[in-house]
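Enquirer: Input: one structure, supplied below.
The values are calculated or read from the model by the stated rules, or taken from the named source; none is laboratory data. Since we're looking at a predicted model, the values are computed, not measured. Every residue, glycine as well, gets a Cβ built from its backbone with ideal geometry; the counts of neighbours run over all protein chains shown.
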Amino acid sequence: MASIVIFGAGDIAKLAHFYFSRDSEHRVVGFTVDSAFRREATMADLPLVDFETVERHFPPAECQMFVALSYAEMNQLRARKYAEAKSRGYTLASYVSSRCTNLAEHSFGDNCFILEDNTIQPFVRIGSNVTLWSGNHIGHDSIIEDHVFVSSHVVISGHVRVGAYSFLGVNATIRNGISIAPHTLIGGGAVVMADTEARGAYVQRPAQRLDKTSDQIKL
């Protein structure tokens with residue numbers, strides 16, 4: 001059993017504490033954030049310490065770390081803290097839900113956060129610092145590069161490459177055999193049928209309100 005200190009004090013850190021504590025062999029021993037963002041001395045009844053001095057409280061020789069941040073700045077904030085934690089000697093832990101259907105033969109990278117009800121088909125490769133929120137389908141022979149965030153109920157078909165620092169919104173669909181270029185933003189509900197361009201943003205039109213009211217429509 002490895003001891004883990006979680007970087008973060010928001011919702012994702014709270015969820016990481018829940019998942020690691022209840023569905024892994026790891027033991028969460030504390031939290032850390034940059035001193036400018038630390039508002040309390042504890043979180044979840046555990047110490048919350050400044051990241052600048054975290055080694056004094058949780059030495060890298062004794063604790064691993066998990067960076068529990070979102071897709072802010074197209075995942076670049078999470079990537080920076082990931083790199084800084086590694087440069088300071090920490091091993092970065094990953095969480096893979098026991099309720100994930102994982103048929104991939106390759107091990108995943110570090111600092112991954114893979115939640116329940118993901119289906120990961122054979123021959124998939126997943127890099128480091130990747131978040132797969134709940135309920136996604138990752139098709140066979142697909143590759144997800146480093147520092148990617150995949151929201152819920154995304155369908156990534158077979159033989160897809162998802163470039164580093166990309167974000168895929170809820171219910172997006174990616175057809176088979178295409179490449180999502182690095183730093184691509186795909187909005188919720190978007191259907192992507194061809195390769196994307198680096199730093200491109202692809203969104204679906206939002207639902208439109210009809211002139212009729214709901215009771216005027218015959219179902």
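Enquirer: Restricting the search to segment 105-149, which residues are modelled with pLDDT of 95 or more, among the charged types (D, E, K, R) and on the phi < 0 side of the Ramachandran plot?
Expert: Listed by number, the residues that qualify are D110, E116, R125, E145, D146.
Enquirer: Oh, and also: Based on what the data block shows, is E116 in a helix (DSSP H, G or I) and either more than 23 Å from H159 (Cβ to Cβ) or among the β-branched types (V, I, T) (or both)?
Expert: No, not satisfied.
Enquirer: Which strands (runs of 3 or more DSSP E) does segment 1-113 wholly contain that include 2 or more residues that are in contact (Cβ under 8 Å) with a residue 60 or more places away in the chain?
Expert: Hits in segment 1-113: 3-7, 63-67.
Enquirer: Another question about this same structure. Surrounded by fewer than 13 Cβ atoms within 10 Å (Cβ to Cβ) and either touching a helix residue (DSSP H, G or I) at 6+ places or on another chain (Cβ under 8 Å) or closer than 22 Å to L168 by Cβ (or both), is that true of E62?
Expert: Criteria not met by E62.
Enquirer: Another one. May I ask you to verify whether F37 is more than 20 Å from V96 (Cβ to Cβ) and either among the polar types (S, T, N, Q) or in contact with a strand residue (DSSP E or B) (Cβ under 6 Å, 6 or more places away or on another chain) (or both)?
Expert: No, not satisfied.
Enquirer: Condition test on R80, is it within 23 Å of G139 (Cβ to Cβ), surrounded by 14 or more Cβ atoms within 10 Å (Cβ to Cβ) and at pLDDT 95 or above?
Expert: no
Enquirer: Got a sec? Which of S157, S152 is over 18 Å from G127 (Cβ atoms) and touching a Phe, Trp or Tyr at 6+ places or on another chain (Cβ under 6 Å)?
Expert: Residue meeting the stated conditions: S152.
Enquirer: Within segment 164-178, is there a residue that is within 24 Å of L92 (Cα to Cα) and more than 17 Å from the chain's Cα centre (by Cα)?
Expert: Checking segment 164-178: not a single residue is within 24 Å of L92 (Cα to Cα) and more than 17 Å from the chain's Cα centre (by Cα).
Quick grid of which residues meet (1) over 18 Å from the mean Cα position of the chain (by Cα); (2) not acidic (D, E):
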| position | (1), (2) |
| --- | --- |
| D45 | yes, no |
| P59 | yes, yes |
| A68 | no, yes |
| L77 | no, yes |
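Enquirer: Any residue in segment 13-22 that is basic (K, R), closer than 21 Å to S151 by Cβ and crowded, with 22+ Cβ neighbours inside 10 Å?
Expert: No, the conditions are met nowhere in segment 13-22.
Enquirer: Within 16 Å of the chain's Cα centre (by Cα), within 18 Å of L77 (Cβ to Cβ) and buried (at least 22 other Cβ atoms within 10 Å of the Cβ), is that true of V130?
Expert: Yes, satisfied.
Enquirer: So, one more: Restricting attention to segment 179-195, report how many residues are of a type outside the set (G, A, S), in a loop (DSSP other than H, G, I, E, B) and within 21 Å of the chain's Cα centre (by Cα).
Expert: Looking only at that region, the number is 3.
Enquirer: Moving on to the next point. Can you tell me which residues in segment 198-219 are loosely packed, with under 10 Cβ neighbours inside 10 Å and assigned to a loop (DSSP other than H, G, I, E, B)?
Expert: Answer for segment 198-219, where residues must be loosely packed, with under 10 Cβ neighbours inside 10 Å and assigned to a loop (DSSP other than H, G, I, E, B): R205, P206, A207, Q208, R209, L210, D211, K212, T213, I217, K218, L219.
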